[in-house]
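**Student:** Mind looking over this structure? Questions follow.
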Amino acid sequence: MKMTFRWYGKNDCISLQTIRQIPGMTGVVTAVYDTPVGEVWSNESILELKKLCEENGLEMEVIESVPVHEDIKLGRGDRDRYIENYCENVRRLGKAGVKCICYNFMPVFDWLRTNLHTPAADGSNSLSYNHEEIMGLDPKRLSLPGWDESYTAEELTSLLEAYKDMTHEQLFENLVYFLKKVIPVCVQYGVNMAIHPDDPPWDVFGLPRIISNAADYERLFAAVPENENGITFCTGSLGAGRENDLIKMAYDYAKRGKIHFAHLRNIQYSNELDFREVGHYTACGSLDIFGIVKALVDGGFTGYVRPDHGRNIWGEDAKPGYGLYDRALGATYLNGLFEAVEKLR
Ligand code: DNO
């Protein structure tokens with residue numbers, strides 16, 4: 001296992017020097033942020049990032065994300081051009097020493113929350129999801145801050161229109177079409193693809209979502225069986241799906257060498273569908289983080305880990321989910337769990 005920390009590049013208010021001081025940190029998870037989705041990242045930008053990391057004693061072996069252009073998800077006529085650009089990014093990143101690329105195949109929206117600052121009794125605040133509120137929102141007028149990208153109102157309207165009749169099967173076929181072209185390049189350049197699950201793991205605003213549960217994973221692994229076609233095991237995202245047996249999934253997919261990257265965090269269920277994000281420690285929420293780490297270790301997991309979303313604590317007011325303090329506490333807790341589980345085996 002290699003412990004890493006997400007870093008949003010030079011504009012991140014958390015410096016590499018600071019990240020380096022978190023015990024056990026081997027590297028950062030980052031991306032080139034100044035290039036439009038679908039275009040090729042310049043070698044200069046990639047190498048500059050790598051240089052910055054290395055100057056601070058940190059590796060840059062994981063990229064999150066190389067985003068997938070909507071035309072690829074929609075299977076539009078020009079997808080081959082965007083897929084070729086994606087392949088070129090894989091080549092360039094592979095040459096720069098990147099081993100793992102995290103991406104998602106969620107139409108239009110990445111993760112969805114209804115509140116970015118839900119207060120807790122202890123004075124901290126965190127992200128939360130309320131299904132009724134989501135249902136009451138007009139997706140065309142949505143302004144939910146916090147993701148890697150956002151659209152203008154017109155772009156959103158025409159995108160949502162384009163997805164109107166898209167079925168789960170069609171979206172899945174488009175994912176397979178994409179992977180069948182990208183994975184051979186990954187094999188050649190020693191890069192693993194790690195698809196991020198849907199967050200939350202169900203359809204939103206009538207848009208199909210296809211990476212939400214064990215059946216979805218089986219279909220994905222069967223369609224593109226190469227080891228390089230793997231996953232980002234995100235406990236918070238998958239854990240919002242109450243039917244997902246995270247311990248079983250962690251063990252099973254680790255054993256099969258499918259987990260290239262793990263996002264570890266805890267959530268607290270408020271009812272059947274709603275949840276809020278909490279501290280990483282098992283006792284803070286509804287997920288058995290100890291059980292999940294044990295399952296990963298027992299399954300022979302050797303991939304990258306990062307502490308996922310933290311709360312805002314100690315007066316910090318950071319990018320939603322991506323402050324320093326709670327993620328640093330999370331990393332330390334997770335390192336402790338991994339050490340204990342590994343040594344007690
Ligand atoms: C949220 C993140 C996601 C993730 C993308 C991967 O905090 O885990 O935004 O980076 O879904 O493409």
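**Student:** Could you grab me the full set of residues in the range 308-340 that are free of Cβ contacts under 8 Å to residues at least 60 places away in the same chain, among the aliphatic types (A, V, I, L, M) and under 18 Å from Thr235 (Cα atoms)?
**Tutor:** Of everything in the range 308-340, those that are free of Cβ contacts under 8 Å to residues at least 60 places away in the same chain, among the aliphatic types (A, V, I, L, M) and under 18 Å from Thr235 (Cα atoms) turn out to be Leu329, Leu337.
**Student:** State which residue pairs qualify: first residue farther than 22 Å from Asn244 by Cβ and inside the range 183-207, second residue of a type in the set (Gly, Ala, Ser) and outside any helix (DSSP H, G or I) in any location, beta carbons under 9 Å apart, and separation of 6 or more residues or different chains.
**Tutor:** Asn192/Gly230; Asn192/Gly303
**Student:** Here's another thing I want to ask about it. Within the range 261-275, is there a residue that is in a strand (DSSP E or B), at pLDDT 95 or above, more than 25 Å from Trp7 (Cβ to Cβ) and within 16 Å of the ligand (Cβ to nearest atom)?
**Tutor:** For the range 261-275, residues in a strand (DSSP E or B), at pLDDT 95 or above, more than 25 Å from Trp7 (Cβ to Cβ) and within 16 Å of the ligand (Cβ to nearest atom): present.
**Student:** Looking at the range 192-223 only, could you name the residues that are hydrophobic (A, V, I, L, M, F, W, C), out of contact with any Asp or Glu (no Cβ under 9 Å at 6 or more places or on another chain) and within 13 Å of the ligand (Cβ to nearest atom)?
**Tutor:** Selection gives Ile195 alone.
**Student:** For the range 118-137, give me each residue that is outside any loop (DSSP other than H, G, I, E, B), of a type outside the set (A, V, I, L, M, F, W, C) and out of contact with any Pro (no Cβ under 8 Å at 6 or more places or on another chain).
**Tutor:** Of everything in the range 118-137, those that are outside any loop (DSSP other than H, G, I, E, B), of a type outside the set (A, V, I, L, M, F, W, C) and out of contact with any Pro (no Cβ under 8 Å at 6 or more places or on another chain) turn out to be Thr118, Pro119, Ser126, Ser128, His131, Glu132, Glu133.
**Student:** A further question on this structure: Quickly run through the range 36-58 and pick out the residues that are more than 14 Å from Thr4 (Cα to Cα) and either in contact (Cβ under 8 Å) with a residue 40 or more places away in the chain or in contact with a helix residue (DSSP H, G or I) (Cβ under 7 Å, 6 or more places away or on another chain) (or both).
**Tutor:** Within the range 36-58, Val37, Gly38, Glu39, Val40, Trp41, Asn43, Ile46, Leu47, Leu49, Lys50, Leu52 qualify.
**Student:** Another question about this same structure. Of everything in the range 97-116, what is modelled with pLDDT of 95 or more and either near the ligand (Cβ under 10 Å from one of its atoms) or surrounded by fewer than 18 Cβ atoms within 10 Å (Cβ to Cβ) (or both)? Give them in sequence order.
**Tutor:** Matches in the range 97-116: Gly97, Ile101, Cys102, Tyr103, Asn104, Phe105, Met106.
**Student:** Pairs under 6 Å by beta carbon, first residue closer than 13 Å to Phe205 by Cα and assigned to a loop (DSSP other than H, G, I, E, B) in the range 141-166, partner modelled with pLDDT of 85 or more and not basic (Lys, Arg), six or more apart or different chains?
**Tutor:** The qualifying pairs are Tyr163/Pro107; Tyr163/Leu207; Met166/Pro208.
**Student:** Where residues in the range 307-336 are within 15 Å of the ligand (Cβ to nearest atom) and among the charged types (D, E, K, R), which of them is nearest to Asn125 (Cα to Cα)?
**Tutor:** Filtering first and then ranking leaves Arg311.
**Student:** Given the condition hydroxyl-bearing (Ser, Thr, Tyr), in contact (Cβ under 8 Å) with a residue 12 or more places away in the chain and in contact with a strand residue (DSSP E or B) (Cβ under 9 Å, 6 or more places away or on another chain), answer yes or no: does some residue in the range 59-77 qualify?
**Tutor:** Yes; the residues of the range 59-77 include at least one that is hydroxyl-bearing (Ser, Thr, Tyr), in contact (Cβ under 8 Å) with a residue 12 or more places away in the chain and in contact with a strand residue (DSSP E or B) (Cβ under 9 Å, 6 or more places away or on another chain).
**Student:** Follow-up. Give me the pairs, please: first residue somewhere in the range 224-251 and free of Cβ contacts under 8 Å to residues at least 40 places away in the same chain and away from the ligand (no atom under 15 Å from the Cβ), second residue anywhere and of a type outside the set (Phe, Trp, Tyr) and part of a strand (DSSP E or B), beta-carbon distance under 8 Å, and either six or more positions apart or on two chains.
**Tutor:** Asn227/Asn192
**Student:** Picking from Tyr163, Tyr151, Tyr189, which residue would you name as being at negative phi, within 16 Å of the ligand (Cβ to nearest atom) and out of contact with any His (no Cβ under 7 Å at 6 or more places or on another chain)?
**Tutor:** When all the criteria are applied, what remains is Tyr151.
The values are calculated or read from the model by the stated rules, or taken from the named source; none is laboratory data. This one's a predicted model, so the numbers in the text were calculated from it and none came from an experiment. Note: ideal-geometry Cβ built from the backbone for every residue, glycine included; neighbour counts use all protein chains shown.
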